[in-house]
Ligand code: SF4
Ligand code: SF4
């Protein structure tokens with residue numbers, strides 16, 4: 001399911017954006033109270049919200065946003081870049097992001113908002 005959105009991204013927009021590198025959004029349902037447990041963390045750098053995404057099984061996903069920048073993110077001459085880009089150390093989930101387009105991506109992802117959908 002991950003790769004279906006790849007061609008919607010726009011590399012130039014990513015270099016000006018880095019929203020998904022400055023914050024780390026991911027999605028999960030509340031199996032075993034996982035989301036409830038995250039909510040108990042005593043920090044304002046983790047945001048837990050209901051997303052607008054419902055799985056095929058009818059389960060609404062929560063969005064968990066870690067408001068902590070990635071240590072591999074660089075910002076030079078007004079552009080963002082990834083120190084790990086093109087290496088095996090770059091997490092696969094970075095190259096496959098976004099997995100699903102939810103309200104967070106629609107709001108923050110400049111690449112999705114500037115590129116035309118592919119056929
Ligand atoms: S949020 Fe979207 S546009 Fe911004 S860096 Fe991530 S993939 Fe690129
Ligand atoms: S590893 Fe690179 S692409 Fe992935 S979050 Fe960090 S800076 Fe962004």
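What follows draws every value from the coordinates through simple rules; no lab data is involved. Given the structure is predicted, the values throughout are model-derived calculations rather than measurements. Using ideal geometry, Cβ is built from the backbone for each residue, glycine included, and neighbour counts are taken over all protein chains shown.
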Q) Taking the chain as a Gaussian network, Cα atoms linked when under 10 Å apart, which of 53, 34, 26 shows the biggest mean-square fluctuation? A) 34
Q) Taking the mean number of other Cβ atoms within 10 Å as a proxy for protection, how do you rank 99-109, 75-85 from highest to lowest? A) 99-109, 75-85
Q: Subtract the Cα-Cα distance of residue 60 and residue 89 from 0.36 nm times their separation in residues, and report this length gain in nm to one decimal.
A: 7.2 nm
Q: Would you mind putting 55-67, 35-47 in packing order, based on average other-beta-carbon counts within 10 Å, highest first?
A: 55-67, 35-47
(Q) Would any residue of the stretch 62-87 have its amide N under 16 Å from a label point 7 Å out along Cα→Cβ of residue 100? List them or say none. (A) 62-65
Q.
Using a Gaussian network model on the chain with a 10 Å cutoff between Cα atoms, which of 16, 72, 31 fluctuates the most?
A. 31
Q) When the helix-only estimate is applied to the chain (DSSP H runs of n ≥ 4, each -39,500 (n - 2.57), divided by the residue count), what is the mean residue ellipticity at 222 nm, nearest 500 deg cm²/dmol? A) -6000 deg cm²/dmol
**Q.** Relative contact order (percent, whole number), the chain, Cα cutoff 8 Å, 6+ residue spacing
**A.** 40
